[in-house]
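Please treat every number below as a calculation from the coordinates, not as lab data. Everything numeric here is computed off the predicted structure, so don't read it as measured data. Using ideal geometry, Cβ is built from the backbone for each residue, glycine included, and neighbour counts are taken over all protein chains shown.
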């Protein structure tokens, strides 16, 4: 079973997205900060990280760098509710050796699952 780690400082969003993945056959966990995500990823070893960009403290882009370094097989989807973040996320992602999915919130669960399947197929 593929493992998905969902990171969003909005607990309702994180829990709902973890539920969507859980109902779709994934083993999913939700955490609420980048620091929690990094600690959880070290023991959970996710196949996919789904992360918000804008969070208090360490942001999603910093987490993206850390996960890429520590979990090289993990695929990543970045989510943002702020269109102003898209340029920074795209620039950051373009420097990585693997593809990074980028979606805007809100997005349909079917779109999210389709993006996840496409990224996981490249693993």
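What do you reckon, is residue 59 at negative phi and touching a strand residue (DSSP E or B) at 6+ places or on another chain (Cβ under 9 Å)?
The answer is yes for residue 59.
When the range 6-17 is examined, which residues are found to be touching a strand residue (DSSP E or B) at 6+ places or on another chain (Cβ under 6 Å) and without any contact (Cβ under 8 Å) to a residue 60 or more places away in the chain?
6, 7, 14, 15, listed by residue number.
Please work out which residue is surrounded by the most Cβ atoms within 10 Å (Cβ to Cβ), limiting yourself to the range 65-76 and to residues that are closer than 20 Å to residue 21 by Cβ and out of contact with any strand residue (DSSP E or B) (no Cβ under 6 Å at 6 or more places or on another chain).
71
Being more than 16 Å from residue 2 (Cβ to Cβ) and without any contact (Cβ under 8 Å) to a residue 12 or more places away in the chain is the filter here; which residues of the range 20-46 pass it?
If the condition is that a residue be more than 16 Å from residue 2 (Cβ to Cβ) and without any contact (Cβ under 8 Å) to a residue 12 or more places away in the chain, then 39, 43 are the ones that fit.
Give the residue, chosen from 112, 79, 120, 50, that is under 17 Å from residue 28 (Cα atoms), loosely packed, with under 15 Cβ neighbours inside 10 Å and in contact with a strand residue (DSSP E or B) (Cβ under 8 Å, 6 or more places away or on another chain).
Being under 17 Å from residue 28 (Cα atoms), loosely packed, with under 15 Cβ neighbours inside 10 Å and in contact with a strand residue (DSSP E or B) (Cβ under 8 Å, 6 or more places away or on another chain) holds for just one of 112, 79, 120, 50, which is 120.
If we keep just the residues of the range 1-13 that are within 17 Å of residue 115 (Cα to Cα) and under 13 Å from the mean Cα position of the chain (by Cα), which is surrounded by the fewest Cβ atoms within 10 Å (Cβ to Cβ)?
Going through the qualifying residues, I end up with 3.
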